[in-house]
Amino acid sequence: MDTYHVKSAPITVTVMLFVFTFTAFISSSMMIFFVSSMSLITTILTTLIIASCAVALIRLICASKYIFTLTFMHCQYHSRYGGWSTPWGNISQLGTAQIDRQGWQQPLPWIGVKLKDYDEFICNISPRLAARMIIEQRILLIMAIKNSEEDNRVIEDILFDDEPYHGHNGCIFKGLRAMLANRMHYNRQYLGFDFFISEDALDRPMNDFLGLLRRYKAAAIN
């Protein structure tokens, strides 16, 4: 399959109008209050210029950026914290994260990814992103443990487990990478997946994106 770049959603017209109106209101109010000698026309023109510059700046900051790159070989994630990449052949399962609540499977707005081998993934991930994943995805593990028969007193030990992790290929991970590897191990134990992709990071409904990932994975296997 061809290489496909998934981009973040562009800034909407509604947001741009809000920024323009809010900036115009604030700037005009300040000019009237602090520069009372300024003529009405000058105030209006200055306000329009400031508001337009604010919109241009917001558009520049919020411009669409690549979130994922999908090729026939691998899946790669991009963020301002760094990224991760894994071959399709190293992904054993893709699905929707769920927790068991009183006998019912409750779906969560996260896509779960289960790997065959952690070593390459952990070696190549950005340290900043690894820390971000540990922080952002802990709520899923907390929810899963609290809805299990496990003693809730183990939550803190599990969340901050930084014991050295021995990989399948003889790699020994320490520090932040060990914490991520251990977290992935616990995620698999309680949630069935190693790490997760938030629906908030996607450019389309979660099920549609999950289907896209599965199609690329299937094409890579074939």
Q | Selection within the range 184-208 - closer than 27 Å to THR71 by Cβ and out of contact with any strand residue (DSSP E or B) (no Cβ under 7 Å at 6 or more places or on another chain) | A | ASP200, LEU202, ARG204, PRO205, ASN207, ASP208
Q) Of all helices (runs of 4 or more DSSP H) completely enclosed by the range 105-222, which ones contain at least 1 residues that are over 17 Å from the mean Cα position of the chain (by Cα)? A) 119-124, 138-146, 155-159, 175-191, 206-221
Q | Search result, residues across the range 171-201 that are open to solvent by 10 Å² or more (accessible area, probe 1.4 Å), under 21 Å from ASN124 (Cβ atoms) and of a type in the set (Gly, Ala, Ser) | A | GLY175, SER198, ALA201
(Q) Among the residues in the range 123-131, are any out of contact with any helix residue (DSSP H, G or I) (no Cβ under 6 Å at 6 or more places or on another chain), touching a residue at least 60 places away in the same chain (Cβ under 8 Å) and surrounded by 14 or more Cβ atoms within 10 Å (Cβ to Cβ)? (A) no
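Residues are listed down the side, and each one gets a yes or a no for (1) at pLDDT 90 or above; (2) of a type in the set (D, E, K, R); (3) farther than 20 Å from ARG138 by Cβ:
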residue: MET73; (1), (2), (3): yes, no, yes
residue: TYR77; (1), (2), (3): yes, no, no
residue: TYR81; (1), (2), (3): no, no, no
residue: TRP84; (1), (2), (3): yes, no, no
residue: PRO109; (1), (2), (3): yes, no, no
**Q.** Residue check, ASP208 of a type in the set (D, E, K, R), open to solvent by 80 Å² or more (accessible area, probe 1.4 Å) and at pLDDT below 85
**A.** no
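The values are calculated or read from the model by the stated rules, or taken from the named source; none is laboratory data. Computed from a predicted model, the values in this text were never measured in an experiment. All Cβ positions, even for glycine, are placed from backbone atoms using ideal geometry, and neighbour counts span all protein chains on display. With ligands, DNA and RNA removed, areas are computed over all heavy atoms of the protein, side chains included. Shrake-Rupley method; radii C 1.70, N 1.55, O 1.52, S 1.80 Å.
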